[in-house]
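Peer 1: Sharing a structure, written as structure tokens. Questions coming.
The values are calculated or read from the model by the stated rules, or taken from the named source; none is laboratory data. Keep in mind the model is a prediction, meaning the values are calculated, not measured. Virtual Cβ from ideal backbone geometry, glycine too; neighbours counted across all protein chains shown.
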Amino acid sequence: MSKVLGGILAPVTTPFAAGSEALDLDGFAANLEAHLADGLDGIVVAGSTGEAALLTEEERASLLAVARDRVPRDRWLVMGTGAESTTQCIARCVHAGSAGADAVLVVAPHYYANAMTVEALRAHYQRVADAAPVPVILYNIPKYMHFALSAALVAELAAHPNVIGIKDSSGDAAMLAGFLQAQGDAFTVLTGNGAVFHEALVAGARGGILAVSTFAAAPARAVLAAHRAGDVAAGSQAQARLKPLAQEIVGQLGVPGVKAALDVVGRAGGVPRLPLLPLDAAGRETVESLLV
């Protein structure tokens, strides 16, 4: 693949039509065009911010089709394909490849968390990487998985020719440092935590898949630009603007917060899908105050 994994990718939300839970594909397409116009390096469909766990297979396919039509080939189009069964994960990877995704983002199975031993996770990821028709990006998000991938396992999986990177959303500097030990020409570490974006870049990460970039691309890009220019002071200043947006809107308010933020900046946000609830008045006030 000619594209180099790195920069800032937007894990996009899934808009739903007002008054129903039908996909708002027009709003989705408009958001994609706005994120691309912001200069982001790629799009991630059906990730955590996209309410992946709440989507049907048909909805996932519809979103990917719309994204493939709009994301230029010189930018990344990544599809979230994590599933509780290895069989379903592989099926999603196969579909993603046939529908034109550049890579797949694979969160570990986690419903049977206590059974997800190193051996089980190794077997899962090796089977998926063997079968996926496109490159695999590992996804470590302890907040939702209720465990973390180990640095030793990630280093082992990084040696697989079809595993090209990891998104680490832990926000834990020591955990990120462990994953960075596996980074090389064929394996890239990205952070998924906008609150520590600058710190992650300084540590060696090559970019981020950042929910905060969907509504605040400018400060996220400023962090990256300053880092690439070697200007630590400017990077720290930009991170100071980015951190509260990532920490409070994304970290504390979650998907409903991100969708409310999109509404505030004039994009298609709307309500999440049940059982997620929209923000209450206090939450909306928090979002608006941060984005003034």
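Peer 1: Would you check which residues across region 12-54 are in a loop (DSSP other than H, G, I, E, B), of a type in the set (S, T, N, Q) and under 23 Å from ALA103 (Cβ atoms) and list them?
Peer 2: Taking region 12-54 first, the residues in a loop (DSSP other than H, G, I, E, B) are 12-15, 17-22, 24, 38-41, 46-51.
Going one step further and asking which of them are of a type in the set (S, T, N, Q), we end up with 13-14, 20, 48-49.
Matches in region 12-54: THR13, THR14, SER48, THR49.
Peer 1: Filter region 7-53 down to the residues that are surrounded by fewer than 16 Cβ atoms within 10 Å (Cβ to Cβ) and of a type in the set (D, E, K, R), then identify the one that is modelled with the lowest pLDDT.
Peer 2: For region 7-53, the residue satisfying everything is GLU21.
Peer 1: Okay, next question. Here is a list of conditions, (1) without any contact (Cβ under 8 Å) to a residue 24 or more places away in the chain; (2) within 22 Å of GLY269 (Cβ to Cβ); (3) not acidic (Asp, Glu), and LEU210 meets all of them except one; can you say which number that is?
Peer 2: (1)
Peer 1: Among the residues of region 71-130, write down those that are surrounded by fewer than 19 Cβ atoms within 10 Å (Cβ to Cβ), in contact (Cβ under 8 Å) with a residue 24 or more places away in the chain and polar (S, T, N, Q).
Peer 2: The answer is SER85, THR86, SER98, GLN126.
Peer 1: Residues of region 106-148 being of a type in the set (A, V, I, L, M), assigned to a helix (DSSP H, G or I) and farther than 22 Å from TRP76 by Cβ, which ones?
Peer 2: So the first thing to find is which residues in region 106-148 are of a type in the set (A, V, I, L, M), and the list is 106-108, 113, 115-116, 118, 120-121, 123, 128-129, 131-132, 134, 136-138, 141, 145, 148.
Next cut, assigned to a helix (DSSP H, G or I) only: 113, 115, 118, 120-121, 123, 128-129, 131, 145.
Across region 106-148, the qualifying residues are ALA113, ALA115, VAL118, ALA120, LEU121, ALA123, MET145.
Let's see how each residue does on (1) surrounded by fewer than 20 Cβ atoms within 10 Å (Cβ to Cβ); (2) over 18 Å from the mean Cα position of the chain (by Cα):
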{"site": "MET175", "(1), (2)": "yes, no"}
{"site": "GLY184", "(1), (2)": "yes, yes"}
{"site": "THR188", "(1), (2)": "no, no"}
{"site": "THR191", "(1), (2)": "no, no"}
{"site": "GLY194", "(1), (2)": "no, no"}
{"site": "PHE197", "(1), (2)": "no, no"}
{"site": "ALA200", "(1), (2)": "no, no"}
{"site": "ALA203", "(1), (2)": "yes, yes"}
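Peer 1: Return the pairs, sorted by first residue and then second, in which the second residue is β-branched (Val, Ile, Thr) and in a strand (DSSP E or B), the first residue lies in region 28-48 and is within 8 Å of VAL12 (Cα to Cα), the beta carbons are less than 6 Å apart, and the residues are 6+ apart or on different chains.
Peer 2: Filtered contacts from region 28-48: VAL44/VAL78; VAL44/ILE209.
Peer 1: So SER236 passes all but one of these: (1) of a type in the set (Gly, Ala, Ser); (2) crowded, with 21+ Cβ neighbours inside 10 Å; (3) more than 13 Å from ASP168 (Cβ to Cβ). Which condition number does it fail?
Peer 2: Result: SER236 passes all but (2).
Peer 1: How many of the residues making up region 126-154 are over 16 Å from the mean Cα position of the chain (by Cα), under 19 Å from GLN88 (Cα atoms) and aliphatic (A, V, I, L, M)? Write out each step before concluding.
Peer 2: Restricting attention to region 126-154, the residues satisfying the condition of being over 16 Å from the mean Cα position of the chain (by Cα) are 126-134, 146-154.
Checking the rest, the ones that are also under 19 Å from GLN88 (Cα atoms) come to 126-134.
Those left that are additionally aliphatic (A, V, I, L, M): 128-129, 131-132, 134.
Adding up the residues that qualify gives 5.
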